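So that we are looking at the same thing, I have put the structure below in structure tokens.
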Amino acid sequence: MAGEFEDIRRRLDAIAEELADLAIDRLRESIDAGGSELPVDERRLTRARRAVVKASDLLAEPDDH
């Protein structure tokens, strides 16, 4: 069963990486602009990345049946 989720897991992992890259870009933009607080969308991107990683991890778990 776990093999059938592998493609979805790979796509989720790629999305998580994209979200991390976007969050880093937001942080860099904020630093370059002289900001002293975390950008709001960086926080949202980080939360979304964590949720996607969690979904990927759930699909990696062995079946209980």
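The values are calculated or read from the model by the stated rules, or taken from the named source; none is laboratory data. Just so it is clear, the model here is predicted, and its values are computed rather than measured. Methodologically, a virtual Cβ is constructed for each residue, glycine included, from the backbone with ideal geometry; neighbour enumeration extends over all protein chains shown.
Quick one: in the range 23-50, of everything that is exposed (fewer than 12 other Cβ atoms within 10 Å of the Cβ) and hydrophobic (A, V, I, L, M, F, W, C), which residue is nearest to Arg9 (Cα to Cα)?
Once the filter is applied, the top-ranked residue is Val40.
Results for (1) farther than 21 Å from Gly3 by Cα; (2) out of contact with any Leu (no Cβ under 6 Å at 6 or more places or on another chain); (3) not hydroxyl-bearing (Ser, Thr, Tyr), shown as yes or no for each residue.
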position	(1), (2), (3)
Arg26	yes, yes, yes
Ala33	yes, yes, yes
Val40	yes, yes, yes
Arg47	yes, yes, yes
Val52	no, no, yes
Asp57	no, yes, yes
Glu61	no, yes, yes
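Sticking with this one: Given (1) within 17 Å of Asp57 (Cβ to Cβ); (2) at pLDDT below 90, where does Ile8 come up short, assuming only one miss?
Answer for Ile8: the failing condition is (2).
Hey, does the range 35-51 have a residue that's small (Gly, Ala, Ser) and part of a loop (DSSP other than H, G, I, E, B)?
yes
Only residues in the range 25-38 that are aromatic (Phe, Trp, Tyr) count as the first member; pair them with residues that are part of a helix (DSSP H, G or I), Cβ under 7 angstrom, at least 6 apart or cross-chain, and list the lot.
If the second residue must be part of a helix (DSSP H, G or I), no pairs are left.
Quickly run through the range 11-46 and pick out the residues that are among the basic types (Lys, Arg) and either in contact with a Phe, Trp or Tyr (Cβ under 6 Å, 6 or more places away or on another chain) or at pLDDT 95 or above (or both).
Correct list: Arg11 only.
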